[in-house]
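Participant: Mind looking over this structure? Questions follow.
The values are calculated or read from the model by the stated rules, or taken from the named source; none is laboratory data. These numbers come from a predicted model, not from an experiment. All Cβ positions, glycine included, derive from the backbone under ideal geometry; neighbour counts span all protein chains shown. Side chains included, ligands, DNA and RNA excluded: accessible areas come from the protein's heavy atoms. Shrake-Rupley method; radii C 1.70, N 1.55, O 1.52, S 1.80 Å.
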Amino acid sequence: VYRGLLVSEQLDTVALQAILKPTTQYDSKIQERYRINEDSSLSEIEKQLQLDLLSQEIDVLQKENVATRKKLVADTRAIISKYKNDAEIYLGGGPMISTDTIQFILNDIVFFGFAVGLLFITVLGFIFQQIRWILLPLISAFISAIVVTGLISFAGLKVTVVSANYIALLMIIAISLTMHLVVRYQELLSKNSELSQKEIVLMASTQMFVPCLYTALTTIVAFLSLIVSDIKPITDFGLLMATSIVIAFLVTFSFFPAVISKLPKKEKDYVEDQSSGITLFIFQIFKNSRIKIIFFSLIVFGLSVLGISMLSVENKFIDYFKSDTEIYKGLSLIDEKLGGTAPLDLVINAPVREQIDDDFEDFDDPFGMDDSASGYWFTSQNLDRLEEIHDYLESRTEIGKVLSVSSGIKLAEIANGKKLNDLELAFMRELLPEDIKESLLNSYISDDDNQVRLQARVKESLDGLNRKNLIDEINYDLENKFGLDNQQFRLTGISVIYNNLLQSLFSSLIGSVGIVFIAIFVMFLFLFRSVSLALIGMVPNFLAAGFVMGSIGFSGVPLDIMTVTVAAISIGIGVDNTIHYLHRFKREFDISKDYEECLKNSHTTIGRAMFYTSSTIVIGFLILLSSNFNPSVFFGIFTSLAMIMAILGSLLLLPTLLYYLKPLK
């Protein structure tokens with residue numbers, strides 16, 4: 001019973017397993033919520049009112065449970081610390097993982113918020129070299145973050161591992177909006193120095209309102225596309241970020257102009273050419289290498305398609321955490337020496353025919369034996385059959401320890417020296433003390449003996465683990481090798497739930513990306529009033545999204561709840577560059593009608609703002625590399641990669657397509 005579970009096969013590792021008391025009141029409220037949802041006698045209004053009141057009670061109980069669990073983990077660690085010099089001790093299990101993960105989220109929220117703030121102080125100072133252009137964007141972003149956080153609290157939304165970076169994302173988006181206003185203000189001031197400060201600010205705000213509005217809308221659509229996911233933390237993240245962008249846009253176009261209009265003009269803002277020369281250098285690359293750019297883009301597209309075909313959703317929960325965290329150490333130790341970590345339960349019912357026969361033959365036992373012994377599974381013949389299934393599960397390399405009613409029977413047979421017959425089985429059940437009967441029998445067989453449970457542990461750290469194949473193969477073998485009807489048994493447990501979550505990631509990815517591209521194309525049509533311009537504008541973003549998904553495929557990093565959002569988010573943020581560039585290009589074309597001159601002017605004006613904002617966004621996302629939660633690390637890496645491709649596409653591929661296709665006459 002305990003070998004390979006509470007003591008390792010080599011007898012060099014021992015575990016103390018504490019089963020926590022059930023949260024009875026909380027569990028009853030959850031069951032009540034299910035009951036209300038399924039109650040057809042209630043009207044929708046009555047149902048919603050009851051659910052709202054019940055949700056408040058559940059939230060209170062959940063907070064109490066979290067606090068209790070946190071204290072338990074802290075107290076346990078205090079006890080363990082006394083014996084650290086005597087043995088190598090690890091703490092593991094669901095409560096510790098949950099508590100530590102929540103702490104990771106809190107740390108990420110605080111750290112990334114401050115880190116992004118410091119980053120932008122440095123970047124804004126380097127670019128603009130003025131205190132006002134450092135403080136105003138930061139204050140504007142800070143106001144947005146405070147308002148959003150307040151709204152989250154009022155609405156009762158939960159911050160999860162998926163949405164833990166919302167402050168960093170919000171600040172990145174808010175400051176990029178402000179930077180476009182600053183750059184445009186400086187351009188107008190350098191050419192219209194005779195105008196008053198209020199007139200310059202009004203012109204800058206008016207001219208940037210439409211492109212910034214559309215960039216905000218496309219980013220909102222990108223985040224809202226995540227609501228097609230079946231995974232609630234992802235849908236909540238989409239709604240949270242969509243709300244955040246609305247607030248950031250409103251704050252930027254109200255707070256920033258209001259403050260700037262009251263400040264005096266600065267001599268540094270009058271300089272005509274404020275370009276660092278980088279965007280002009282990029283323009284020269286475009287001018288001299290147009291054919292090479294198209295050829296290179298086709299190669300990237302081909303490699304992206306190949307990489308996308310290699311995408312996988314099979315990942316390991318243990319890999320979500322860095323190897324130096326206690327979660328990783330504890331999980332790997334349990335996996336290697338103590339029978340696996342992720343529960344996989346097999347529940348088998350008696351065949352329907354047998355249950356009918358039992359009901360028909362139900363009668364009082366004249367010998368006073370417990371009539372529960374008359375059920376289907378607690379007979380020597382059927383226990384032998386159950387033992388075969390038990391041994392089959394335990395023989396699989398993906399599975400560690402298996403516990404079932406067979407474990408207790410095997411123990412009794414060792415003590416008896418031979419197999420037990422039906423009469424001995426009945427006597428054994430009567431003679432066993434209640435506590436042993438509870439742990440060895442009752443946990444794995446129902447009171448009427450017509451349902452049994454086999455509790456297996458999956459080895460999460462096993463190389464090449466494929467949960468879907470494991471579950472499919474077990475289902476197939478139970479039907480074809482052991483002759484069970486597919487309605488007779490059910491696989492459940494964390495392993496099944498996690499596998500279902502992973503399998504839904506592909507549909508979430510395809511659905512969200514499809515919605516984003518359709519919505520952006522429609523917006524392009526409204527904004528540019530040209531089908532050809534809209535199609536041309538889609539190409540760089542399509543290539544950037546394909547490139548980042550192909551990179552994920554080539555890297556071997558499986559899709560998870562964070563990386564599955566990268567494509568939609570990177571399209572939504574990266575398309576901002578396309579909108580700004582095409583909007584400025586159209587304005588320049590109305591003046592000169594010369595394609596090459598218009599493209600050069602676009603590079604040296606809006607291209608400068610695009611380069612600055614993209615650079616800060618890339619660096620901002622790279623801050624996520626310091627997270628203890630690996631999905632956040634990968635999210636930062638791949639989103640940064642997508643933004644790099646998006647800015648290169650907007651400053652190289654987009655002007656090349658405009659030059660050759662000439663959509664404006």
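Participant: For Lys662, tell me the accessible area in Å² from a 1.4 Å probe, rounded to the nearest 10.
Facilitator: Accessible area, nearest 10 Å²: 80 Å².
Participant: For the Cα atoms of the chain, what angle does the longest principal axis make with the long axis of helix 531-555, in degrees from 0 to 90, nearest 10?
Facilitator: Compared with the principal axis, the helix lies near 40 degrees.
Participant: Let me ask something else. Given charges of +1 on the Cβ of Lys and Arg and -1 on the Cβ of Asp and Glu, with all other atoms neutral, how large is the dipole of the stretch 532-665 about its Cα centre, in debye to the nearest 20? Write down the numbers at each step before the final one.
Facilitator: On the way: 8 positive and 7 negative charges, 58 e Å.
Charge dipole, the stretch 532-665, about its Cα centre: 280 debye, nearest 20.
Participant: If one computes P(r) from the Cα atoms of the stretch 92-137, what percent of pairs lie at distances over 17 Å?
Facilitator: On the way: 533 of 1035 pairs.
Above the 17 Å cut-off, the stretch 92-137 has 51 percent of its Cα pairs.
Participant: Over all directions, the average projected area of the alpha-carbon convex hull for the chain comes to how many nm²?
Facilitator: On the way: hull surface 150.0 nm².
Here the figure is 37.5 nm², rounded to one decimal.
Participant: Compute, for Trp377, the solvent-accessible surface of its heavy atoms (probe 1.4 Å) with the complete set of protein chains present, and express it in square angstrom to the nearest 10.
Facilitator: Accessible area, nearest 10 Å²: 0 Å².
Participant: Quick check: the distance between the Cα centres of the stretch 393-443 and the stretch 26-104, to the nearest angstrom?
Facilitator: If we compute the Cα centre of each part, the gap is 33 Å.
Participant: Can you run phi through the Karplus equation (6.51, -1.76, 1.60; θ = phi - 60°) for the stretch 2-13 and list ³J(HN,Hα) in whole Hz, with x for Gly and Pro?
Facilitator: With the stated coefficients, the stretch 2-13 comes to 9, 5, x, 10, 9, 9, 6, 4, 7, 6, 10, 9 Hz.
Participant: Turning to a different aspect of this structure: Rank these by accessible area, largest first, 1.4 Å probe: Asp335, Asp75, Asp590.
Facilitator: Working: Asp335 5, Asp75 70, Asp590 105 Å².
Ranked from most to least accessible, the order is Asp590, Asp75, Asp335.
Participant: Over 18 Å between Cα atoms, which of Lys287/Lys600; Lys29/Lys63; Lys21/Lys71; Lys84/Lys329; Lys29/Lys232 qualify? Could you put the intermediate results ahead of the total?
Facilitator: Working: Lys287/Lys600 9 Å; Lys29/Lys63 14 Å; Lys21/Lys71 15 Å; Lys84/Lys329 15 Å; Lys29/Lys232 20 Å.
Violating the 18 Å limit, Cα to Cα: Lys29/Lys232.
Participant: Here is a follow-up. Can you run phi through the Karplus equation (6.51, -1.76, 1.60; θ = phi - 60°) for the stretch 229-234 and list ³J(HN,Hα) in whole Hz, with x for Gly and Pro?
Facilitator: Going residue by residue, I get 5, 8, 9, 4, x, 6 Hz, with x marking Gly and Pro.
Participant: Mind listing the long-range amide H neighbours of Lys322? Cut-off is under 5 Å, sequence gap 5 or more, other chains count too, H placed in the peptide plane at 1.01 Å from N.
Facilitator: Under 5 Å from the amide H of Lys322: Asn630.
Participant: Moving to a separate point now. Among the lysines, which have Cα under 28 Å from the Cα of Lys419 when same-chain residues fewer than 8 positions away are ignored?
Facilitator: Of all the lysines, those that pass the test against Lys419 - Cα under 28 Å, at least 8 places apart if same chain - are Lys401, Lys410, Lys437, Lys481.
Participant: Another question about this same structure. Highest first, please rank the peptides 37-43, 441-447, 67-73 by the mean number of other Cβ atoms sitting within 10 Å of their residues.
Facilitator: Values: 37-43: 9.3, 441-447: 17.1, 67-73: 14.6.
Put in order of decreasing packing, that is 441-447, 67-73, 37-43.
Participant: I've got another one for you. If you plug each phi of the stretch 567-582 into the Karplus form 6.51 cos²θ - 1.76 cosθ + 1.60 with θ = phi - 60°, what whole-Hz ³J(HN,Hα) values come out, in order, with x for Gly and Pro?
Facilitator: Listing the rounded values in order: 4, 5, 5, 5, 5, x, 7, x, 5, 4, 4, 4, 4, 4, 5, 5 Hz.
Participant: Can you give me the long-range amide H partners of Val7? Hydrogens built in the peptide plane at 1.01 Å from N, cutoff under 5 Å, separation of 5 or more residues or another chain.
Facilitator: Counting only residues 5 or more places away or on other chains, the set is Ala15.
Participant: Could you tell me the distance between the Cα centroids of the stretch 162-202 and the stretch 212-268, to the nearest Å?
Facilitator: 13 Å
Participant: Provide Glu57, Glu314 ordered by accessible surface of protein heavy atoms (probe 1.4 Å), highest first. Show your work: numbers first, answer last.
Facilitator: Details: Glu57 80, Glu314 40 Å².
The residues order as Glu57, Glu314, largest area first.
Participant: Calculate for the chain the 222 nm mean residue ellipticity that helices alone would give, adding -39,500 (n - 2.57) per DSSP H run of length 4 or more and normalising by residue count, nearest 500 deg cm²/dmol. All intermediate terms of the calculation are to be shown ahead of the outcome.
Facilitator: Numbers: 23 runs with 444 residues, N = 665.
Mean residue ellipticity at 222 nm (helix-derived): -23000 deg cm²/dmol.
Participant: May I pose another question? Can you give me the C-alpha center-to-center distance between the stretch 623-665 and the stretch 541-591, rounded to a whole angstrom?
Facilitator: One Cα centre to the other: 5 Å.
Participant: Enter the mean projected area of the convex hull around the alpha-carbon atoms of the stretch 178-236, in nm², rounded to one decimal.
Facilitator: Its Cα hull, projected and averaged over all orientations, spans 4.8 nm².
Participant: Mind pulling the angle between the C-alpha long axis of helix 326-337 and the longest principal axis of the chain? Nearest 10 degrees, somewhere in 0 to 90.
Facilitator: 40 degrees
Participant: Can you work out the base-10 log of I(q)/I(0) for the stretch 131-216 at q = 0.19, 0.21 1/Å, using the Debye formula on its C-alpha atoms alone?
Facilitator: Calculated log10 I(q)/I(0) at the listed q: -0.91, -1.02.
Participant: Would you mind counting up the charge near Tyr166? Only other residues with Cβ under 15 Å from its Cβ, with Lys and Arg at +1 and Asp and Glu at -1.
Facilitator: Numbers: positive: Lys158; negative: Asp108, Asp236.
Local net charge: -1.
Participant: Relative contact order (percent) for the stretch 548-665, with alpha-carbon contacts under 8 angstrom and 6 or more residues of separation? Working shown, then result.
Facilitator: Numbers: 97 pairs, mean separation 41.5, N = 118.
Relative contact order, the stretch 548-665: 35 percent.
Participant: With every protein chain kept in the model, how would you rank Asp324, Asp472 by accessible area, 1.4 Å probe, largest at the top?
Facilitator: On the way: Asp324 105, Asp472 75 Å².
The residues order as Asp324, Asp472, largest area first.
Participant: Additional query: Ignoring ligands, DNA and RNA, what percent of the accessible area of the chain is carbon or sulfur (1.4 Å)?
Facilitator: Working: 19680 of 31860 Å².
Solvent-exposed carbon and sulfur of the chain make up 62 percent of the total.
Participant: So how exposed is Arg290, as accessible area in Å² (1.4 Å probe, rounded to 10)?
Facilitator: 40 Å²
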